[in-house]
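Only one structure is covered here, and it is reproduced in the block below.
Bear in mind that the values in this text are calculations on the coordinates, not laboratory data. Here the structure is a predicted model, which is why all the values come from computation and not from measurement. Positions of Cβ are backbone-derived with ideal geometry, glycine not excepted, and every protein chain shown enters the neighbour counts.
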Amino acid sequence: MSDRPSFFEATVNQVMSACELMDVEPGIRLILSQPKNEVVIHFPVRMDSGEFKLFMGYRIQHNNVLGPYKGGMRYRNELDLDSGKALATLMTMKNSLVEIPFGGAKGGIKFDPSLHSENEIMKITRRFTHALSNNIGPEYDIPGPDLGTDSGTMAWMMDTYVNSHDSLNRSANMHVVTGKRPICGGSKGRDKAVGQGMFYVLEEWARERYVDLSECTFAVQGFGQVGGFAARILDGVGAKLVAVNDIGGSLRRANGIDPKALADWVREHGSVAGYPDAEVCSREDFFSTKCDIFIPAAVQEVIDEKTAPQLKCKLVCEGANGPTTPAGDAILAERGIEVVPDILANAGGVIVSYFEWVQNKKSEQWELSEVDAKLKLYMTKAYARLRRVQYEKKVNARLAAYAVSVDRLQAAYLERGIFP
């Protein structure tokens, strides 16, 4: 048996530590310790072969004191209730930190989409959305894309939901999901939003430390939409990608790997495996590659007691949700490696999702320059709030980020009161 706390236990422990730091009232701590709602749905879908399969879907709604529930839908065989509860809690903390009017939720379906045809995935998505339709809504709970889902998935969800309602209100329900393509009401800049937001935070980190980002090297763990865009944006200012890892394997190249060429390769082949312009290395060699910035951009709990001692970087910028375990965090702190925590580093996605939601409600389409400018403002203000608490309380960046979040949540509860 492992002594490691579960993902949800570790997340709640972080929330409670922040509550202790900010002297949050006991009743509010109790509320934040568990999700409000945990929805589990079993639903049948006819496969291309004609046979039926039964699928399990989740929607975990953690907290909505600041606004409608908001969080992604992931399609992943490893999805379970514990991870869903942890990720929903992280969304509450993230949305509070960056001051957008949303609560936190998460959900998805427990299956591997790579084992199914596009037609089967569409039917699974539509059947799940139909079964879930009484538990989501444009002013109640707004799903978005996550691991295993994309803008196409969101279009299917939106279309299923609006066609389940009367024709007079269909267009008024388009903002039931975010992360759609612009042709379906999505926002410009949503595809690169996490990477772009991460870049704005890295600019602030570099400015504070008189570091020139153009002279920095970086490594990326996970080369999907988050890692891929982050790498291309950093490459655009002169930073050098020296190592990359994904489900297919690990690569490194001291003189730099071209992120655009690698992204094209991954799009065609499904992973970094086989990419010709870098040397293959072991997973251990990837983690121990010397660089300035390490970006975990895949799944949770990859920086742990085994991998944290291997890192040779100055900063970990968390593109994934929950990529560092408590043990890994302690090792990074002991070694003097700074961390930009996930609830800030990857918040660009939900911020631009908020922009999309607003645009849908107002029947507007903002230009990319406006989206990027607003995103930079939200990210830099959140970074400043985190740093202010960090310096005032003399704590690490992760605890400071959670402290900002719980303090805002407490202020809302104290203002509104707790019913009845």
- prompt: Out of every Cα pair in segment 254-294, what percent are spaced more than 17 Å from each other?
  reply: 37 percent
- prompt: Whose amide H sits under 5 Å from the amide H of LYS70, counting only residues 5 or more places off or on another chain, with H placed in the peptide plane?
  reply: GLY103, GLY104, ALA105, ILE142
- line: Both in Å, the radius of gyration and Dmax of the C-alpha trace of segment 7-175 are 16.9, 58
statement: Rounded to the nearest 5, the percent of DSSP beta bridges in segment 193-340 running antiparallel is 30 percent
statement: Relative contact order in percent for segment 208-353 (Cα pairs under 8 Å, 6+ apart) equals 20 percent
statement: Calc'd 3J(HN,Hα), segment 187-195, phi into Karplus 6.51 cos²θ - 1.76 cosθ + 1.60 (θ = phi - 60°), Hz, glycine/Pro = x, comes to 9, 4, x, 5, 5, 9, 4, 5, x
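Semi-axes of the equivalent ellipsoid for segment 257-399, please: Cα gyration tensor eigenvalues, times 5, square-rooted, ordered largest first, whole Å.
Numbers: eigenvalues 171, 127, 28 Å².
Working from the Cα gyration tensor, I get semi-axes of 29, 25, 12 Å.
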- request: Output the relative contact order of segment 7-175, whole-number percent, from Cα pairs under 8 angstrom with separation of 6+ residues.
  value: 22 percent
message: With θ taken as phi - 60° and the coefficients 6.51, -1.76 and 1.60, list the Karplus ³J(HN,Hα) couplings across segment 414-419 in order, rounded to whole Hz; mark glycine and proline as x.
response: 5, 6, 8, x, 10, 5
query: Tell me, what ³J(HN,Hα) does each residue in segment 98-108 have, in order and in whole Hz, if you take phi through Karplus 6.51 cos²θ - 1.76 cosθ + 1.60 with θ = phi - 60° and put x for Gly and Pro?
result: 8, 6, 10, x, 10, x, x, 8, 7, x, x
query: Given the convex hull of the Cα atoms of segment 193-340, what is a quarter of its surface area in nm²?
result: 7.7 nm²
- prompt: Going by the alpha-carbon gyration tensor, a ≥ b ≥ c the square roots of its eigenvalues, is segment 1-91 rounded (a/c under 1.5) or, if a/c is not under 1.5, prolate (a/b greater than b/c) versus oblate?
  reply: prolate
message: Looking only at segment 7-175, where both bridge partners belong to it, what percent of the DSSP beta bridges are antiparallel (to the nearest 5)?
response: 70 percent
field: Selected from GLY336, GLY222, GLY186 as most flexible by GNM, with the chain as the system and alpha-carbon contacts under 10 Å
entry: GLY336
Normalised contact order of the chain, rounded percent, pairs of Cα under 8 Å and 6 or more residues apart: 16 percent
- request: Please figure out what share of the DSSP beta bridges in segment 203-258 is antiparallel and state it in percent, rounded to the nearest 5.
  value: 45 percent
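Packing-wise, with mean Cβ within 10 Å as the measure, how do 3-10, 151-158, 85-92 rank, highest first?
Highest to lowest by the protection proxy: 85-92, 151-158, 3-10.
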- request: Kindly put ASP80, ASP329, ASP407 in sequence by how many other C-beta atoms sit within 10 Å of each C-beta, fewest to most.
  value: ASP80, ASP407, ASP329
Span from the segment 382-405 Cα centroid across to the segment 43-101 one, whole angstrom: 27 Å
- prompt: In whole Å and largest first, what semi-axes does the C-alpha gyration tensor of the chain yield when each eigenvalue is scaled by 5 and square-rooted?
  reply: 31, 27, 21
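Could you size up the charge dipole of the chain around its Cα centre, putting +1 on the beta carbon of Lys and Arg and -1 on that of Asp and Glu, and report it in debye to the nearest 20?
Value, rounded to 20: 640 debye.
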task: Using the number of other C-beta atoms within 10 angstrom as an exposure proxy, rank PHE223, PHE43, PHE419 with the fewest first.
output: PHE419, PHE43, PHE223
- prompt: Which distance in Å, rounded to a whole number, links the C-alpha centroids of segment 241-307 and segment 156-204?
  reply: 29 Å
- prompt: Hey, got a sec? Which trypsin sites (Lys or Arg not before Pro) in segment 188-258 land in a DSSP loop and have at most 16 other Cβ atoms within 10 Å?
  reply: ARG209
query: Here are some pairs, LYS192/LYS312; LYS180/LYS374; LYS85/LYS260; which of them have Cα atoms lying more than 24 Å apart in this structure?
result: LYS192/LYS312; LYS85/LYS260
